[in-house]
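S.K.: Dumping the structure here so I can ask a few things about it.
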Amino acid sequence: MKVLFNDLTYQNNIVKPEILEIFKESFHRSVFIGGIWVQEFEEKFAAYIGVRHCIGVGNCTDALELILEGLGIGHGDEVIVPAYSWISTAACVKRVGATPVFVDVHPDSYTMDPELLDKNINSKTKGIITVHFYGQSADMDAIGGIANKYNINIIEDCAQASGSLYKDNKVGSIGIAGAFSFYPTKNLGAFGDGGCVTTNSDELAHRIRLLANHGLKDRNQHVLLGRNSRLDSLQAKILEIKLNYLNEWNELRISAAKQYLSGLQGSRIKLPKVLPQTKHIFHLYVVQVENRKEVINFLDEKGIHTAIHYPIPIPETKPFPQGNDQSSKYPVSARMSGCILSLPIFPGITEDQIEFTCDAILEAISVS
Ligand SMILES: *Cc1c(COP(=O)(O)O)cnc(C)c1O
């Protein structure tokens, strides 16, 4: 049996008739940037997340940068970020000229450890970027409490968490702004790159719209130094269609995670924990195994594809020279990077595929 790490066939088959119609319609319309399709998606996604504004942009990396720029964060400022995430979470800080300050993640939740915030905050700290990692919300009450105490904005990196909840709130509606990715394999994926910013701040929304579109106020008036980062009309329409299925598809991921739990619990493998105040939507199903290399090879030979998110904590990557011995500063991230393994999970993965994967893992750890 073959088990791909991520297979979009199920999703694609469901939306195919609707999207083929859209392709046809776009020939007649010839509106490829902006227009009603982008506006409709923005309104629908803002309502879904529960915020006043959604601004479609080129991708989530741009969304994060635009939020920082929109908040006026730059040279001389510090922004706290988790040491363990996709590189964009920290790269955006450096790209706007500010300094990322790394904190470790919590060993249970894999999200930013709120206990470590206080001692990393000083008068230069202008923001905290929380990542709702693997599809589970960070501990927003604890992080929010500290952010309020020091009057610092929280920016939510929601790239892996479209539809995820903290208590009754969708992530992306809790901090000053949220950044979403519509990269094809994310929970809500386009047919190419795409992203958006969500916010309840009228002022920030206004600034980000300007920044993302050449600083253009009307056709010929550039009121600030902007750039070009826009969501294509076709991608917006595809996203608008796929958003109708997002809750259903997230539930399928949750069911798959439940089956992994029952298939693997009691073994030596460390399984993901779901915190009581969150709704984890399992963008990724990440376990920890000893002898990871052997397990990966064993699974691969059986036709089961896995992945590692991520093999290197951000402070140890080349763009963030921090000096030697980073692992002692971020022990959880360092340990995780050596033993985490992402198992196949996607809407449409079958019970047989999960059972086959669980059996293969149990066999792999018993022989290794
Ligand atoms: C995917 C991802 C991003 C970047 O999203 P793009 O749309 O590819 O720019 C940022 N942060 C996290 C946590 C991600 O997983």
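Readers should treat all values here as calculations from the given coordinates under stated rules, not as data from a laboratory. If you're wondering where the values come from, they're calculated on a predicted model, not measured in any experiment. For neighbour counting, all protein chains shown are included, and Cβ atoms are generated from backbone atoms with ideal geometry for every residue, glycine included.
S.K.: Would you check if GLY135 is surrounded by 23 or more Cβ atoms within 10 Å (Cβ to Cβ), touching a strand residue (DSSP E or B) at 6+ places or on another chain (Cβ under 8 Å) and in contact (Cβ under 8 Å) with a residue 24 or more places away in the chain?
M.R.: Values: surrounded by 23 or more Cβ atoms within 10 Å (Cβ to Cβ): yes; touching a strand residue (DSSP E or B) at 6+ places or on another chain (Cβ under 8 Å): no; in contact (Cβ under 8 Å) with a residue 24 or more places away in the chain: yes.
For GLY135, the condition - surrounded by 23 or more Cβ atoms within 10 Å (Cβ to Cβ), touching a strand residue (DSSP E or B) at 6+ places or on another chain (Cβ under 8 Å) and in contact (Cβ under 8 Å) with a residue 24 or more places away in the chain - is not met.
S.K.: Could you check, for segment 7-15, whether at least one of its residues is loosely packed, with under 14 Cβ neighbours inside 10 Å, in contact (Cβ under 8 Å) with a residue 12 or more places away in the chain and away from the ligand (no atom under 16 Å from the Cβ)?
M.R.: Yes, because at least one residue in segment 7-15 is loosely packed, with under 14 Cβ neighbours inside 10 Å, in contact (Cβ under 8 Å) with a residue 12 or more places away in the chain and away from the ligand (no atom under 16 Å from the Cβ).
S.K.: Does segment 215-237 contain any residue that is away from the ligand (no atom under 16 Å from the Cβ) and under 25 Å from TRP86 (Cα atoms)? Quick ask: steps written out before the conclusion?
M.R.: As a first pass, look at segment 215-237 and keep what is away from the ligand (no atom under 16 Å from the Cβ): 215-226, 233-234, 237.
Add one more test, that the residue is under 25 Å from TRP86 (Cα atoms), and what stays is none.
No, segment 215-237 contains no residue that is away from the ligand (no atom under 16 Å from the Cβ) and under 25 Å from TRP86 (Cα atoms).
S.K.: Pick out the one residue from GLN353, GLN322 that is assigned to a loop (DSSP other than H, G, I, E, B), of a type in the set (S, T, N, Q) and either within 26 Å of the chain's Cα centre (by Cα) or on the phi > 0 side of the Ramachandran plot (or both). Let's see the steps before the verdict.
M.R.: Details: GLN353 fails: assigned to a loop (DSSP other than H, G, I, E, B).
Exactly one residue qualifies, and that residue is GLN322.
S.K.: Name every residue in segment 219-236 that is closer than 14 Å to GLY34 by Cβ and either part of a loop (DSSP other than H, G, I, E, B) or in contact with a Pro (Cβ under 9 Å, 6 or more places away or on another chain) (or both), in order of residue number. Don't jump to the end; show me each part of the working.
M.R.: We begin by selecting, within segment 219-236, every residue closer than 14 Å to GLY34 by Cβ; these are 219, 228-236.
Correct list: ARG219, SER229, ARG230, LEU231.
S.K.: Go through (1) out of contact with any Gly (no Cβ under 8 Å at 6 or more places or on another chain); (2) more than 10 Å from the ligand (Cβ to nearest atom); (3) assigned to a strand (DSSP E or B) and name the single condition GLU156 misses.
M.R.: (1)
S.K.: Please verify whether LYS273 is charged (D, E, K, R), at negative phi and either within 16 Å of the ligand (Cβ to nearest atom) or buried (at least 18 other Cβ atoms within 10 Å of the Cβ) (or both), treating the condition exactly as stated.
M.R.: no
S.K.: Among the candidates ASN169, ASN151, which residue alone is free of Cβ contacts under 8 Å to residues at least 40 places away in the same chain and either closer than 27 Å to TRP37 by Cα or more than 10 Å from the ligand (Cβ to nearest atom) (or both)?
M.R.: Checking each option against the conditions leaves just ASN151.
S.K.: Within segment 61-88, work out how many residues are within 13 Å of the ligand (Cβ to nearest atom) and β-branched (Val, Ile, Thr).
M.R.: Count: 4.
Results for (1) part of a strand (DSSP E or B); (2) more than 19 Å from the chain's Cα centre (by Cα), shown as yes or no for each residue.
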residue	(1), (2)
ASP7	no, no
LYS16	no, yes
TRP37	no, yes
GLU42	no, no
GLY56	yes, no
LEU68	no, no
GLY74	no, yes
PRO100	yes, no
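S.K.: Does segment 122-130 contain any residue that is over 19 Å from VAL96 (Cβ atoms) and not in a strand (DSSP E or B)?
M.R.: Taking every residue of segment 122-130 in turn, none turns out to be over 19 Å from VAL96 (Cβ atoms) and not in a strand (DSSP E or B).
S.K.: In segment 338-357, what residues are out of contact with any strand residue (DSSP E or B) (no Cβ under 7 Å at 6 or more places or on another chain) and either over 28 Å from GLU251 (Cα atoms) or surrounded by fewer than 19 Cβ atoms within 10 Å (Cβ to Cβ) (or both)?
M.R.: GLY338, GLY348, THR350, GLU351, ASP352, GLU355, listed by residue number.
S.K.: So PRO315 fits all but one of (1) closer than 16 Å to ALA360 by Cα; (2) surrounded by 18 or more Cβ atoms within 10 Å (Cβ to Cβ); (3) of a type outside the set (Gly, Ala, Ser); what number is the exception?
M.R.: Failing condition for PRO315: (1).
S.K.: Restricting to segment 19-47, what's the tally of residues that are within 21 Å of CYS158 (Cβ to Cβ) and hydrophobic (A, V, I, L, M, F, W, C)?
M.R.: 5
S.K.: Turning to a different aspect of this structure: Which ones in segment 193-210 are within 16 Å of the ligand (Cβ to nearest atom) and buried (at least 21 other Cβ atoms within 10 Å of the Cβ)?
M.R.: Within segment 193-210, GLY194, GLY195, CYS196, VAL197, THR198, ILE208 qualify.
S.K.: Out of contact with any His (no Cβ under 9 Å at 6 or more places or on another chain), of a type outside the set (Val, Ile, Thr) and either within 20 Å of ARG335 (Cα to Cα) or more than 16 Å from the ligand (Cβ to nearest atom) (or both): is that true of TYR134 in this structure?
M.R.: It is false that TYR134 is out of contact with any His (no Cβ under 9 Å at 6 or more places or on another chain), of a type outside the set (Val, Ile, Thr) and either within 20 Å of ARG335 (Cα to Cα) or more than 16 Å from the ligand (Cβ to nearest atom) (or both).
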